[in-house]
Each structure stands twice: as C-alpha cells, then as structure tokens.
Amino acid sequence: MIIVLRPEAEQRDSDEILSLIEKAGLKPLYMPGVERVVIGAIGDERILKKFHIESHPMVEKVEEILSPYKLVSRDMKKTDTVVPFGKDGIGGNRFIVIAGPCAVESAAQMKKAGAAVKAAGAAGIRGGAYKPRSSPYSFQGMGLDGLKILKDVSLETGLPVVTEIMDQVEAEEAMPYVDAFQVGARNMQNFRLLTELGQLNKTVILKRGMSATITELLLAAEYILNEGNPNVVLCERGIRTFETSTRNTLDLSAVPNIKKHSHLPVIVDPSHGTGVRDYVAPMAFAAAACGADGIMIEVHPCPQEAESDGQQSLNLTQFEDFMKKLKPFALAAGKTM
Ligand code: PEP
Ligand code: MN
C-alpha cells in the first residue's frame, strides 16, 4: 500500500500512520519528499483495512497494490480452473457451448430444443424455470414443472442443464434437477444468495451485473468461494451504456481482463449482450477468438412464438449453421472443441 499525505501534514501525522502500520505487523516505509510525505506498507495490506487509513484527515490518497479479492485471484492460483459441468467441465483448453431457450415453456418446446442443440454439438442446455422479468405482467416461468422438464431433457440428451435461481428457496428446489445454477445479472450482488450458493455443492454460472465493474464481479465470485464452493464460472453478458441500438454493450475486453486477474473460467452470453439475433453469431465468434472458455446462447424452436427474448434467439437451423462455423475461432485462440 502506498499512502500519500497532504502537504500540510506534520511529522506527528507521519509518525501516527507509521506506528499503525507497524502495529498491524507490516513493514512501514517512510519516504519524505520535497512537497509531501509518502508512506509505504509492505506485507498483506488487507490487514490494514480495519484501520481506515484512507479516512485519516491528513491522508490525500491511498493506492492499494493487492487486489481486494483473494481466492478468485490469479495470484492465488496460477493455472486455469476447470469447473465441473457434464463430461468435460468448463475451462482449461476446451471451448464449450451452452444453448437453449430463454425460458422453459413446455415439454415439447424443450425436448425439440434439447435434441437440436445436442445434435449440433452443444455441451450443455439452458432454460429458465424462474424468470426475472422486468415487468410483473410478463411470463414468470414454469417453476417446478419447468425444472422437471429440464431434468427429463437432460436424461434424454445426456447433456447437463443450467437454470437461473433468484433466491435460496429456488436454489434448494432446483438442486436435484439441474447441473449448474445461474445467478442472473440482476442478482450478481445479492450477497445472501451468493453466500448460500457457496454452501451448496453445485456449479454456479455468475453473470456480470448490468452496471458492475470487473472488480465487483470478482468480489461477488469471492463470496461463493469464501463459503467453500470453488466451482464458479464467470459470464460476461453486456453492460448498460449510452448506446440504444443494442440491448446491452457486450464488453469482450472483460474476457482477457478477467483472465489476467482470475483463474476462474469465463464464458460470454452474446444473446443478452446484444439483444439482436443478427449480432449473436458474430459476437459469439469474437468471444471464441478472444479466449473465452465458452458461450451461452439462446436458441428456440420457434423464436417468433417465444414467451421471452425471441428477438435475440436463433432458431434451430440458424444454430446448426452457426455451430458449423464456430470451430476455427476457438482453434485460433488455442482451444479445442
Ligand atoms: C437469461 O439468461 O435469460 C437472463 C435473464 O440473463 P441476464 O441475467 O444476463 O439478463
Ligand atoms: Mn433471456
């Protein structure tokens, strides 16, 4: 930690901070300059948090050297983590595709989607049973009946399934039916939910909040790891910007950014990231090329009849066609498919 004192700070202010650092068990460094004093603290600066040095009246600024998260950090673990999901997991050298409708609407719809995404080469199926809708008047999902359909389709296809849960009760209800929980953008900072998921033995796909920074996303993941569940996949799904021609602005720089700072796998959701069907495939190719570990993509047997997100869903032939073109992009980034 580097602490810059205000120009009017006196010797006793320096002494006070130096002794605080020493008391915390870190090595203090005193660097008086011409105009102001700079103080260094060598050691695990996170111990200093409780002293609130930044709020000392004679402190101008505090620069932290270490990241505020630990367990998710690349400093903690140099190698890429592979998180359990189906046969091969998510992360490492593989590029995987999870596909399916935004919401489970019927057994027939889900079975059609499941069979088609499996035939096209997907490694997992998605489908929402509890839907976090912006309006209370929109379709809210099939709940438990939807979970049962997901389980049937998983058994039929042999593919693992992902579903979103919004609270602890839904997580416990969905536990026996699905292979991974999705924490949606709207719940990325629902810390009670993250804590609960940290205590369950289930893979979590944690989506970036629509106005969350990368550091906030990593801190949210830290909540889950801190409770003992190491199986977290991070998902970039676009952020809110001033641009209105797309639903969100897909921040693909998040992929190398997260990979630099964390060992956890990163996937991209180009469907919510753009909100426009025509932009989904190009952004999915770009996600593969920039080193993502996979994509999660919305596919519906009949998008024009979808209860939610039809405008950004590929139909089954569009998905099949897309999958045929995907491999070179993953290979270019050094991944296998
Ligand atoms: C979804 O995956 O259908 C969804 C609601 O995603 P997000 O939380 O990213 O909006
Ligand atoms: Mn959706």
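What to note about this one:
- The set of residues in region 102-129 being under 10 Å from residue 146 (Cβ atoms), away from ligand 2 (no atom under 12 Å from the Cβ), assigned to a loop (DSSP other than H, G, I, E, B) and open to solvent by less than 30 Å² (accessible area, probe 1.4 Å) consists of 129 alone.
- Filtered by the rule that a residue be among the aromatic types (Phe, Trp, Tyr) and away from ligand 1 (no atom under 16 Å from the Cβ), region 181-229 gives 191, 223.
- Qualifying positions in region 58-91 - buried (at least 17 other Cβ atoms within 10 Å of the Cβ) and of a type in the set (S, T, N, Q): 67, 73, 81
- Residue under evaluation residue 99, criteria (1) under 22 Å from residue 215 (Cα atoms); (2) assigned to a strand (DSSP E or B); (3) small (Gly, Ala, Ser), criterion not met: (1)
- Yes/no for residue 233 being within 16 Å of residue 96 (Cβ to Cβ), free of Cβ contacts under 8 Å to residues at least 60 places away in the same chain and assigned by TED's automatic domain parsing to the domain that holds residue 144: no
- Flag if residue 281 is small (Gly, Ala, Ser) and open to solvent by 10 Å² or more (accessible area, probe 1.4 Å): yes
- Count of region 67-105 residues, restricted to those that are on the phi < 0 side of the Ramachandran plot, out of contact with any helix residue (DSSP H, G or I) (no Cβ under 7 Å at 6 or more places or on another chain) and among the small types (Gly, Ala, Ser), is 1.
- Among residues that are more than 13 Å from ligand 1 (Cβ to nearest atom), open to solvent by less than 10 Å² (accessible area, probe 1.4 Å) and in contact with a Cys (Cβ under 9 Å, 6 or more places away or on another chain), residue 232 is not included.
- Residue within region 135-153 that is in contact (Cβ under 8 Å) with a residue 60 or more places away in the chain and either within 18 Å of residue 295 (Cα to Cα) or away from ligand 1 (no atom under 16 Å from the Cβ) (or both) present: no
The values are calculated or read from the model by the stated rules, or taken from the named source; none is laboratory data. Everything quoted here is computed from the prediction, not taken from an experiment. Neighbour counts run over all protein chains shown; Cβ positions are idealised from the backbone, glycine included. Please note that ligands, DNA and RNA were not included when accessible areas were found on the heavy atoms of the full protein model with its side chains. Shrake-Rupley method; radii C 1.70, N 1.55, O 1.52, S 1.80 Å.
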